[in-house]
Structure formats: C-alpha cells, structure tokens
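Chemist: The structure that follows is given in the form of structure tokens.
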Amino acid sequence: MKDLLVVGVGTMGRPYVDAAQRLGVRVRAVESEALLAHGPADPEVTYYPVANGLDESWQAGVTRAITERVPDGVLAFAEAHVLAGALAQERLGLPGPSLHAAVVSRNKALQRTGFGAYGVPQPGFVLAPGLAAARSWMLDRLPVVVKPLSLGGSEGVELVTDPAGVDEVVARRGGEGKILVEEAVRGPEYSWEALVHEGEVLFQNVTEKETTAPPYFVELSHRCGHRFTDPVVAAQVDALTAGVLRGLGMRTGLVHLEFRVGVEGPVLMEVAVRTPGDYLAEAVGLTWGFDLHEAVVRLALGLPLREALPAEPVAYAATYFPTCAPGTLTAVRGVEEVSLHPSVVRVRLRKGPGDTVGRLTSSSQRLGHVLVRAGSPEEREETLKFVADRLRFEVAG
C-alpha cells in the first residue's frame, strides 16, 4: 500500500485525503493542534500535530513523519506548508515543484528580483528595508501598491495614490521591516491554474477575478474557464506563464499564478506552487469535469493520471463571496432560496446574526462563499446575479 503524507489539511485540503483514500492509499497528515482540537479527526489518518502555523513548525511535524516512515509522496496544501513539503520531497527524491520553486513562491521579492531574466513582464518595483526608505521612490511613481513579502489572501496589500497617502502609510506601517512596493498596474485581474509534470503543462485553466475597489484588493468572485478572444493577448499570456515556470524551475505539481492585463499586455502579480484558496480547485474541477484533487495526488505519488485531461470546459463554475457594510449582523435573508437554485452547488456562511463585520481588507474577513455551476457563461452570470440579489445581510451600525 502506498503512503501519502499531506502537509496541512484543514477544510479545503480534505478532498486530497478523500481522493487518496479512494485510491487505496494510506494517508498521514501533519496538522495544527488548533484544528485537530476542533476535530473530529479521521480515524483512518495518522496525524502529526504541530503547535502553530509557522513554516518552521510544519517542518518539525514533517520531519517527525518522514523519519518514522518514508512516504511514497508528500503533498503540501497551503502557503505555510510549501517549504516543509519541498524540503521533504527534495531530501527523499519524491515528485514535487522543486525546492527552488517552493522558496521563490514563498517570497514575492524573490519573484520580482529573479523573473526578469526569464522575460516575465512585471511592474516596476523597489525592495526596501522599511517603507521609510521607499518614500522617495513611491512619490516619484504614484500610484503604487505596498505588499508584504510572504502573506496571502491580499493581507497587507494596499494601493497608495497621493503624497498624503505615502506619508500616512509610512507612519502606519513603517515598523514592518522589509517591504515590497510596486508601480500599480491598471487592468482586469486573472489567475492561471496548471498541472505540471516534470516541467510539462498537462492542464491549464484561466480564472477571471473580481476584487474590491482600491485601496484593498480582496477577491469577491472567481469565474473559471475563461478564454481570451484576442489572439495577441492569449499568446502573451502563454509567454508569461511559460517564463514563470522557467523562472521557478517548476517540476511537478499544481501552480497558481495571478496576473493583470494592462495596456501593454499581461503583467505578473505573483505565483504560488500550492492549492489556490477560495475553493478554486473545486470550481476548476467542476468546470472541466475531472477531479483536480485526485490528479494532484496521483502526481505526488508518481502514479499515472486516470484519463486524458480535458481541453474544453464541460460547465462553467464560479465562487462568489457576499459582502455587507461594517457593523453587527442582525439578519441573513435568502439562504434557503439561493440554496434551492439548480445552479447553486453550495452556500456556506462563516458569519450570522450577532457577529461583527469589519471593514473588508483581507479575504479572511469575508462572510462566506457560494459555489455555482452552470451550463454556459450566460447562465452562470444569471445565477450570480440571482445570488447577489437574493442573499441579503442586514447590519446595525
């Protein structure tokens, strides 16, 4: 029986465990003590608890697991798990993105400083020891975007548009240490999800994104299966993604790359070698008609894929994240009506009456999500409009 070590499971990583168990694979998992305390844990999974969510803690759990038994594959789930997973893959000679790809994916500054040589279009940027050191650069290039080097979910990412804003953000965030500041790229945002085996792209999907208005860029919806109708833009996107894979030294696994299409074409925002958030892996699978999680498990274990991966969508899925004004939630309306819609797969809310809703500055503050699957892009838009109209949140200020 093959043995798979999953680094981090949570909720969105559970489909990896399910897929492995369907394949008759023994599953072991490194998981945080906090999540295990809220179990129940799967009795068929052997767990290695770690005390907190720091990269180094995950490495401690992975080391315990691989010294107890050498696995046939290691699968790192989310951002904080990538380095620990890649270290084990490299040490044991197992399939994975490569240690180089893992390190670069965990640090936006390394992406900016390394990808230019591979022809990857990126915004102008400065890497500074602190925001005060970047003040003059910012003033000369407004509008700019301030980014932490390694956080996810849009946390800490904000647009600065005028000199007063520069002084305010320097005063407020001047103590954060190393920081990345970039020239703002105006244009629609997309992501590219791909399965890669030994550097070869086996499958790819483009997702169209909707985000909040500046100064923050919190994602509000993802529409999978997007196609660029302009052949010039499509070729530019192909060149960008190929350059990023070369720059990463990507070997095997799942890639999630975010970019904007500006006036001069697509420009890289960032890239990760792990499962995209926001249940996007599930939405991609619904769009293309295959189990993306099982495919990733097979790649991690060196198993052949069960079938040829599709080249055309079979449906059009999206994830949608409702919002409301800050305050205290007093009522949530329309959940049952939305749930009964034939194109709605799932409604899952994180907040309800009595909960406090703050200003939306990162994805962790959102109210929940709705997953939809429709037969055409037009039907998907009708469903998303129905959800937005019917799902209502009443707030007391």
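Chemist: Whole angstrom only: what separates the Cα centroid of segment 153-184 from the Cα centroid of segment 189-249?
Modeler: For segment 153-184 versus segment 189-249, the Cα centre distance is 26 Å.
Chemist: Rounded, prolate or oblate: which fits the chain when a ≥ b ≥ c are the square roots of the eigenvalues of the alpha-carbon gyration tensor, with rounded for a/c under 1.5 and prolate only if a/b beats b/c? It would help to have the intermediate numbers written out before the result.
Modeler: Numbers: a/c = 1.31, a/b = 1.12, b/c = 1.17.
Here the chain falls in the rounded category.
Chemist: I would also like to ask the following. Shape verdict for segment 253-397, please, from the Cα gyration tensor: rounded (a/c under 1.5), prolate (a/b greater than b/c) or oblate.
Modeler: prolate
Chemist: Of the peptides 188-197, 268-277, how do they stack up when ordered by the mean number of other Cβ atoms within 10 Å, highest first?
Modeler: Top to bottom by mean Cβ count within 10 Å: 268-277, 188-197.
Chemist: A follow-up question, please. In deg cm²/dmol, rounded to 500, what helix-only [θ] at 222 nm does the chain give when every DSSP H run of at least 4 residues adds -39500 (n - 2.57) and the total is split over its residues?
Modeler: Working: 13 runs with 128 residues, N = 397.
Calculated from helices alone, the mean residue ellipticity at 222 nm is -9500 deg cm²/dmol.
Chemist: Using only alpha carbons, build the gyration tensor for segment 124-183 and give me the equivalent ellipsoid semi-axes, biggest first, whole Å.
Modeler: Each semi-axis is the square root of five times an eigenvalue, giving 16, 12, 11 Å.
Chemist: If you don't mind, another one. Report, ordered by chain and residue number, the aspartates and glutamates lying within cross-link reach of Lys209, taken as a straight Cα distance under 12 Å and ignoring same-chain residues fewer than 8 apart.
Modeler: Within the straight-line limit of under 12 Å, Lys209 reaches these aspartates and glutamates: Glu189, Glu219, Glu258, Asp278.
Chemist: So what is the relative contact order for segment 317-396, in percent, with contacts set as C-alpha pairs under 8 Å and at least six apart?
Modeler: So the answer I get is 49 percent.
Chemist: Would you mind listing how long segment 3-94 runs along its three principal axes, going by Cα atoms, in whole Å with the largest first?
Modeler: Cα spread of segment 3-94 along its principal axes, largest to smallest: 31, 30, 22 Å.
Chemist: A follow-up question, please. Calculate the spin-label point distance for Leu92 paired with Asn52, positioning each point 7 Å from the Cα along the beta-carbon direction, and give it in nanometres.
Modeler: A separation of 2.7 nm, rounded to one decimal place.
Chemist: Pop the C-beta distance of Glu382 and Val232 into the FRET formula with R0 = 30 Å and round what comes out to the nearest 0.05.
Modeler: Details: r = 31 Å, r/R0 = 1.02.
After rounding to 0.05, the efficiency reads 0.45.
Chemist: Just want to confirm a number: the relative contact order over the chain, from Cα pairs under 8 angstrom separated by 6+ residues, in percent.
Modeler: Contact order relative to length: 14 percent.
Chemist: Then there's this: In whole Å and largest first, what semi-axes does the C-alpha gyration tensor of segment 140-215 yield when each eigenvalue is scaled by 5 and square-rooted?
Modeler: Semi-axes (√(5λ), whole Å): 31, 15, 10.
Chemist: On to the next question. Using 0.36 nm times the number of residues separating Leu309 and Tyr118, minus their current alpha carbon distance, what extension gain do you get? Can you show the working numbers first?
Modeler: On the way: separation 191, 0.36 × 191 = 68.76 nm, distance 2.81 nm.
So the chain would gain 65.9 nm between Leu309 and Tyr118.
Chemist: Can you tell me how segment 317-396 classifies by the Cα gyration tensor, rounded, prolate or oblate, using a/c under 1.5 as the rounded cut?
Modeler: prolate
Chemist: While we're here: Which of Leu92, Leu299 has the fewest other C-beta atoms within 10 Å, and how do the rest follow up to the most?
Modeler: Values: Leu92 15, Leu299 24.
Lowest count first: Leu92, Leu299.
Chemist: Pull out the extension gain between Leu340 and Lys178, defined as 0.36 nm times the separation in residues minus the alpha carbon to alpha carbon distance; nm, one decimal.
Modeler: 53.5 nm
Laboratory data are not the source of any read-out in this text; all were calculated from the coordinates shown. Computed from a prediction, not measured in an experiment: that's the story for all the values here. Methodologically, a virtual Cβ is constructed for each residue, glycine included, from the backbone with ideal geometry; neighbour enumeration extends over all protein chains shown.
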